[in-house]
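Visitor: Just dropping this structure here.
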Amino acid sequence: EDVDRDACLPCVMAHAHFLGGHVSEKTLALLLVYLSVAIDILGFSLVIPVIPFLALQFNATDTEIGLVYSGYAFAAMLSGLYSGWISDKYGRRPAFLLSLLGSTVGFATQAMAGSIEEFIAFRVLAGAFGGSATVAFAYIGDIAKPAERPRLMSLVGVCIGVMFMVGPGIGSGLSQFTLQTPMWVSTGLSGTGLLLSLLYLKEPSDLLTRAEKAHMDKKSKDVAKDEDQRQRRRSTIQMEIGDDTEAVVERAIIAAAKAEAEADAAEAAKAKGLPALSPTAAAARAA
C-alpha cells in the first residue's frame, strides 16, 4: 500500500522514479530490512569454505577451528537477545544501522587478521552485531497489517535459507583470488547496506499514514485500559475472597467478567425495550 508521497524525502522520490515510480517508502524499507538480514547470514556463510585453508595458513588447532564456527554463532545468539531491547529503547532504524556498521567493521577486520586468535576475535565481533533478524521481525510487525505479517515475516526465513544456500558457493569462488577476498566482498556489501539504510530507511512510525497511527494509538490505549481494569478486578477479588491462589483468583476474575458482560447486555437490551438476554442466549438468537 502506497503512503502519502508528499511527505517523502527527495532522495526516496528520486529512487522511486528511477525504478519506475512504483516503489513506496514501505516497500523500500522492507527491501532494506531483508538486505540487512541477508548480509548478516551471508557474512557467516561466505567464510565457511575458506576456514580449512585459513586454518592451515594460521597453523590452527582443532579447538581453534571449532571456535571460529561456534564463536560467531554464540555471539549472534546473544545479539538476538539484546538487539530487540536496543530497537525498543532507541528505535528500529538505529538498531539496523548499528548491526550493519558492526558487520562492516567485523568483516573488514577479519580480512586483515594476522593470526587465528585475531580471526576468532573478529568473527565474534561480527557475530555480536548479527541480530538483525530479531529487529526485522519487530520492524515488519510495526509497519505491516495483521493479514500481511505472516507472508512478510516468512520472507525473513527465506533470506536466511537462500544465503546459507548460495553463500558457501560464492565464498569458494571468491577464494580463488585470495582467502581474504570473501571477507572484503562481505565488507563491501555491508557498507553498501549501511549507506542505503542511512539514506532511505525510516522509523516505522514515519511510514504509517495518519489513519494507521490513530488506529495503533487507540489499540495501545485499549490494551492498557483492559490491563488496568484486570489488575483492579484482581485486587478487588483478592480482598473479597481472602485467597491469593492463582487458580482461584483466575476463576473469580472470569466469573466477574462474565457477570459484567451479562449486566452490560441486559442494560443494552433494556435501553432498546427488549427483554434482557444473557450473552449466550443473544448469540443463540443471532445464529
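Visitor: Do we find a residue being open to solvent by less than 30 Å² (accessible area, probe 1.4 Å), among the hydrophobic types (A, V, I, L, M, F, W, C) and more than 27 Å from the chain's Cα centre (by Cα) anywhere in region 103-111?
Guide: Yes, some residue in region 103-111 is open to solvent by less than 30 Å² (accessible area, probe 1.4 Å), among the hydrophobic types (A, V, I, L, M, F, W, C) and more than 27 Å from the chain's Cα centre (by Cα).
Visitor: Right, next: List every residue pair whose Cβ atoms lie under 8 Å apart, where the two residues are 6 or more positions apart in sequence or sit on different chains, the first residue falls within region 150-178 and is closer than 17 Å to PRO52 by Cβ, and the second residue, located anywhere, is among the hydroxyl-bearing types (Ser, Thr, Tyr) and part of a helix (DSSP H, G or I).
Guide: GLY167/SER45; PRO168/SER45; GLY171/SER45; LEU174/THR181; SER175/THR181
Visitor: Any idea which residue in region 147-176 is least open to solvent (accessible area, probe 1.4 Å), counting only those that are more than 13 Å from LEU46 (Cβ to Cβ) and not in a helix (DSSP H, G or I)?
Guide: GLU148
Visitor: With the requirement that a residue be hydrophobic (A, V, I, L, M, F, W, C) and farther than 15 Å from GLU118 by Cα, what does region 57-85 give you?
Guide: If the condition is that a residue be hydrophobic (A, V, I, L, M, F, W, C) and farther than 15 Å from GLU118 by Cα, then ALA73, PHE74, ALA75, ALA76, MET77, LEU78, LEU81, TRP85 are the ones that fit.
Visitor: Name the single residue that is farthest from ILE143 (Cα to Cα) among those in region 40-93 being β-branched (Val, Ile, Thr) and modelled with pLDDT under 85.
Guide: Taking the candidates together, the pick is ILE51.
Visitor: Oh, and also: Looking at the structure I just gave you, is LEU196 under 20 Å from the mean Cα position of the chain (by Cα), over 25 Å from THR109 (Cα atoms), open to solvent by 40 Å² or more (accessible area, probe 1.4 Å) and touching a residue at least 60 places away in the same chain (Cβ under 8 Å)?
Guide: Answer is no for this residue.
Visitor: For region 53-81, which positions are farther than 16 Å from GLY106 by Cβ, open to solvent by 70 Å² or more (accessible area, probe 1.4 Å) and either in contact with an Asp or Glu (Cβ under 7 Å, 6 or more places away or on another chain) or assigned to a helix (DSSP H, G or I) (or both)?
Guide: PHE53, LEU56, GLN57, ASP62, THR63, LEU81
Visitor: For ARG93, state whether it is among the basic types (Lys, Arg), under 26 Å from VAL185 (Cβ atoms) and over 14 Å from the mean Cα position of the chain (by Cα).
Guide: Answer is no for this residue.
Visitor: Condition test on SER103, is it under 12 Å from PHE122 (Cβ atoms) and among the hydroxyl-bearing types (Ser, Thr, Tyr)?
Guide: It is true that SER103 is under 12 Å from PHE122 (Cβ atoms) and among the hydroxyl-bearing types (Ser, Thr, Tyr).
The values are calculated or read from the model by the stated rules, or taken from the named source; none is laboratory data. Keep in mind it's a predicted model, so treat the numbers as computed, not measured. Neighbour counts are summed over all protein chains in view; Cβ atoms, including those assigned to glycine, are modelled from backbone coordinates with ideal geometry. These accessible areas exclude ligands, DNA and RNA; they are computed on the full protein's heavy atoms, side chains included. Shrake-Rupley method; radii C 1.70, N 1.55, O 1.52, S 1.80 Å.
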